[in-house]
1. When you look at Ser225, is it small (Gly, Ala, Ser), in contact with a helix residue (DSSP H, G or I) (Cβ under 7 Å, 6 or more places away or on another chain) and within 30 Å of Ala28 (Cα to Cα), yes or no?
2. Any residue that is surrounded by fewer than 17 Cβ atoms within 10 Å (Cβ to Cβ), more than 19 Å from the chain's Cα centre (by Cα), part of a loop (DSSP other than H, G, I, E, B) and at pLDDT 90 or above - is there at least one of those in the stretch 82-101?
3. Within the set of pairs 6 or more residues apart or between chains, which connect a residue that is touching a residue at least 40 places away in the same chain (Cβ under 8 Å) inside the stretch 149-166 to a residue that is basic (Lys, Arg) with Cβ atoms less than 6 Å apart?
4. Residues to consider are Tyr22, Tyr11; find the one that is surrounded by 10 or more Cβ atoms within 10 Å (Cβ to Cβ), out of contact with any His (no Cβ under 9 Å at 6 or more places or on another chain), modelled with pLDDT under 85 and among the aromatic types (Phe, Trp, Tyr).
5. For the stretch 153-208, how many residues are of a type in the set (Val, Ile, Thr) and touching a Phe, Trp or Tyr at 6+ places or on another chain (Cβ under 7 Å)?
6. Output the helices (runs of 4 or more DSSP H) that fall wholly within the stretch 180-276 and possess 3 or more residues being over 25 Å from Phe165 (Cα atoms) and of a type outside the set (A, V, I, L, M, F, W, C), or say none.
7. Glu144 - would you say it is in contact (Cβ under 8 Å) with a residue 40 or more places away in the chain, among the acidic types (Asp, Glu) and more than 25 Å from Glu239 (Cα to Cα)?
Amino acid sequence: MIRSLPRSKTYDWSFNAFIILYFVFLFAPLVVTCVLAFNNSDFPSLPWQGFSLDWFVADGPDRVGLFHDAQNLRSIVTSFETAFFVSILSVVVGTCASFLFEKEEFRFKGLLYMLMLAPLVIPGVILGISQLLAANTAGTFVDETFGVDIPFFRPSFWLVVLGQFSFITTFVTLVVSARLRKFDPALEEAALNLGATHFGVIRHVTLKFLRPAIVGAGAVAFLMSFENFNTTLFLVGSEPTLPINLYLQVRDGSTPVINAVSLMLIVGTSLLALINFYFTRKTD
């Protein structure tokens, strides 16, 4: 639609109605979840029974709030630890991979680039099952051949980190590569002509230019790891992450503490997104 052309009232009404319905569809479930976190009810659903902070601060025996729920707090810490290691590894490897694909020429570059993209198009369930079977096969082979039991090959914290890293690093590579394509190589040549070392050029010129993309990709990688469910479900051990823990609670029946956890996650991820947006815009 050309903006300078006149539009009918029917079109304007339909357009505004679509926008309203679209955002209601997106945010209404989130608003209901946040409101029910303060519901004075033993069930995580309507009807409204009055305002209460029990699902945040209660310490039993009838109700246990989020801040006293050891199981949920432990799963939150596990998710933070997992996301921290996954985001660090993904940023380091993804940035190096972006340099490889954007600055170097080698045989089978196109094929390797397609293989790098494969984890993004493979369903997370298939990816998790494949990694679990591969780890179990490797662990069984080492145990039967050398008589050594390696805990890493069993479902565990580090296997979850490796599983998430396998596809999140691809996303980081794409984001950093998109930024690197806009980089002017003449800046590096000028720095080298002025006596800078190759390491100094990468550190003070190239990486400084890539900083907004690296920070943004790292923040998104952290969030992707924190909320990942499909792949993690098959690789998790005795320390479940928060999504796995919430799934187990919902499946077995739980209290509105789930709504309280959801509210904290919504607030936390929103703040992280705003902080990332601020620093990315500031350094861009």
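The values are calculated or read from the model by the stated rules, or taken from the named source; none is laboratory data. Just so you know, these numbers come straight off a predicted model, no measurement behind them. Virtual Cβ from ideal backbone geometry, glycine too; neighbours counted across all protein chains shown.
1. Yes.
2. For the stretch 82-101, residues surrounded by fewer than 17 Cβ atoms within 10 Å (Cβ to Cβ), more than 19 Å from the chain's Cα centre (by Cα), part of a loop (DSSP other than H, G, I, E, B) and at pLDDT 90 or above: absent.
3. Note: no pairs meet the criteria.
4. Tyr11
5. Of the residues in that region, 2 qualify.
6. 185-193, 242-252
7. No; evaluated as a whole, the condition is false for this residue.
Quick grid of which residues meet (1) surrounded by 12 or more Cβ atoms within 10 Å (Cβ to Cβ); (2) farther than 18 Å from Leu73 by Cα; (3) without any contact (Cβ under 8 Å) to a residue 12 or more places away in the chain; (4) among the polar types (S, T, N, Q):
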{"residue": "Gly195", "(1), (2), (3), (4)": "no, yes, yes, no"}
{"residue": "His198", "(1), (2), (3), (4)": "no, yes, yes, no"}
{"residue": "Pro212", "(1), (2), (3), (4)": "yes, yes, no, no"}
{"residue": "Thr255", "(1), (2), (3), (4)": "yes, no, no, yes"}
